[in-house]
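Data block below; observations after.
The values are calculated or read from the model by the stated rules, or taken from the named source; none is laboratory data. Bear in mind that the values here come from a model prediction, so they are computed numbers and not experimental data. Cβ: placed from backbone, ideal geometry, glycine included. Neighbour counts: every protein chain shown. Quick note on the areas: whole protein, heavy atoms, side chains included, nothing else; ligands and nucleic acids left out. Shrake-Rupley method; radii C 1.70, N 1.55, O 1.52, S 1.80 Å.
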Amino acid sequence: TGIKAFRPHLHIVAVMGDGDSVNIGGNHFIHACRRNIGVTAIVLNNFNFGMTGGQASATTPERSFTSTTSYGNPERAFDICALAEVAGANYVARSTPYHGWEMQGLMQRALGNRGFSLVEVISPCPTHFGRRNEMPETVESLLWLRDHAVPVERFRGLSPAERQDRFPIGTLVERDEPDFNASYDSMRERAAEGRPA
């Protein structure tokens, strides 16, 4: 946020995990979306703190097992894309490594978008999350992603029962609201002319 505000001509890409984005960095993430600042966030969501021991994160699915929820996670999970949408991001998309070609296109669209862009990548973590949730091998995790990811157009037509344990992939939000730098420039022009809002 600071780099983009100071040097608006730069293309800023922030790569983070689910823990970085909506746990530890949740406040920063929400306000970057709210400001609609021109940052592209790539969030690798593996449903746990995979780099520090497999603890539950804010995206760990309810009833899933982690190193800190050995009897199942009692909490509901954050939907990172829904959070970004309601906070004000201009572009929100989701994909998986199984859908690599589609993911490449989503990232290109995110990088070309004005304002805050999010691409959430639901990613395997066989070391921690997978082995505790019946997916101890990478192949099993990728097949789970294949079987549970549904293109957004088709997902919207599913009943609540059919949506159970599935998630939409593709472009979820695309709008053209003014970004932070455009709004700031407008305010600065008013200040230079000595006219209040």
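Brief remarks follow.
- Just one residue in the set Asp79, Asp20 is at pLDDT below 95, in contact with a strand residue (DSSP E or B) (Cβ under 9 Å, 6 or more places away or on another chain), closer than 27 Å to Pro178 by Cα and of a type in the set (D, E, K, R); that residue is Asp20.
- Residue pairs whose Cβ atoms lie under 7 Å apart, sitting 6 or more positions apart in sequence or on different chains, and linking a residue in segment 1-18 that is assigned to a loop (DSSP other than H, G, I, E, B) to a partner that is loosely packed, with under 14 Cβ neighbours inside 10 Å, are Leu10/Ile3.
- Positions within segment 51-86 being in contact with a Ser or Thr (Cβ under 8 Å, 6 or more places away or on another chain), more than 18 Å from Val119 (Cβ to Cβ) and among the hydrophobic types (A, V, I, L, M, F, W, C), in sequence order: Ala56, Ala77
- Some residue of segment 90-97 being farther than 12 Å from Val173 by Cα, open to solvent by 10 Å² or more (accessible area, probe 1.4 Å), assigned to a helix (DSSP H, G or I) and modelled with pLDDT of 95 or more: yes
- Of all positions in segment 20-31, none carries a residue that is open to solvent by less than 60 Å² (accessible area, probe 1.4 Å), acidic (Asp, Glu), on the phi < 0 side of the Ramachandran plot and out of contact with any Gly (no Cβ under 6 Å at 6 or more places or on another chain).
- Candidate set: segment 112-140, residues that are part of a helix (DSSP H, G or I), touching a residue at least 40 places away in the same chain (Cβ under 8 Å) and open to solvent by less than 50 Å² (accessible area, probe 1.4 Å); chosen: the one nearest to Ala93 (Cα to Cα): Phe129
- Boolean, Phe167 is closer than 19 Å to Thr96 by Cβ and free of Cβ contacts under 8 Å to residues at least 60 places away in the same chain: no
- Neighbours by Cβ (under 6 Å, 6+ apart or cross-chain): first from segment 141-154, open to solvent by 50 Å² or more (accessible area, probe 1.4 Å); second part of a strand (DSSP E or B): Pro151/Gly170
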